Amino acid sequence: MIGILCAMREELEPVLEKVEVTEIIEYARNRFYKAKFQNKNLILAYSKIGKVNSATTATIMIEKFGAKKILFSGVAGAVDADLKIGDLVIATKTCQHDVDLTVFGYDPGFIPESKVYFECDENLNSVAKKVAERLGIKLKEGIIASGDQFIHSKEKKDWIKKTFNAVAIEMEGGAVGCVTWTFDVPFFMLRAISDTAEEGAGVDFDKFLEESSKVSAQFLIEMLKGIDEE
Ligand code: ADE
């Protein structure tokens, strides 16, 4: 079973259009779609925005539906100057930029008995890189930072860049990374850029959410062709 997770309805819909949905299960105030793609069994859902919602949904996919890997598709704000609206980025690692226990001497993002960075699966990342090469698509790779805040300030974005060496920001990856690390489940994080995370980002986000969601979904579907269920 492959888990496909998004945060928002707009991110999931273009994925759902390309798979054969066989069953819809209402559970935990959410809707889970069982589906087939080229004989592979999938469980799909959008979690709603944020770290708590995405952690809950990822946990349900793993514990209730038996997901053996979690693939995330959606949109992100650009941090790296190289990234433009519509560009694709995959995470090498994810982290939580809003975790702050620095008053106790810990690094930003660090929780005792846990860690700052959650590694994404190298095999899944290499499948992504091969797909990008085959299709001639630019694909950036780097750290993606998450927090329960929509970032729309150059100052805040620069702080996240400097502190976590992040290339993009969103609101779920660090939480899903923590869950998948906890359960030892391979994790893949794909995002298409919807905004620059600077002043005015909210306007761009609304304008490009659907378009960038489709870019990410289409790439994920291409990748699915080369991914095993186990
Ligand atoms: N997702 C897309 N753009 C974002 C931003 N600027 N901040 C947080 N999450 C985002």
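Bear in mind these aren't lab numbers, they're just calculated from the coordinates by the rules spelled out. From a predicted model like this one, the values you see are computed outputs, not experimental measurements. So basically every Cβ, Gly included, is an ideal-geometry build from the backbone, and we count neighbours across all protein chains shown.
Just list whichever of Lys34/Lys69; Lys48/Lys154; Lys84/Lys156; Lys36/Lys69; Lys36/Lys225 have alpha carbons separated by over 23 Å in the model shown.
The answer is Lys48/Lys154.
According to a simple spin-label model (label point 7 Å from Cα along Cα-to-Cβ), what is the distance in nm between Lys18 and Trp159?
3.7
Relative to a virtual label point 7 Å from the Cα of Glu199 in the Cα→beta-carbon direction, which members of the stretch 80-100 show backbone nitrogen distances below 20 Å?
Hits in the stretch 80-100 for Glu199 at 20 Å: 80-81.
The stretch 6-68: which GluC sites (Glu not before Pro) are DSSP loop and have at most 15 other beta-carbon atoms within 10 angstrom?
Glu17
Determine the distance separating the Cα centre of the stretch 120-172 from the Cα centre of the stretch 57-80; give it in Å without decimals.
The stretch 120-172 and the stretch 57-80 have Cα centres separated by 14 Å.
Select from Phe104, Phe219, Phe37 the residue whose mean-square fluctuation is largest in a Gaussian network model of the chain (Cα-Cα springs shorter than 10 Å).
Per the Cα network of the chain with a 10 Å cutoff, Phe104 tops the list.
What is the angle, in °, between the Cα long axis of helix 122-135 and the longest principal axis of the Cα atoms in the chain? Nearest 10 is fine, range 0 to 90.
80
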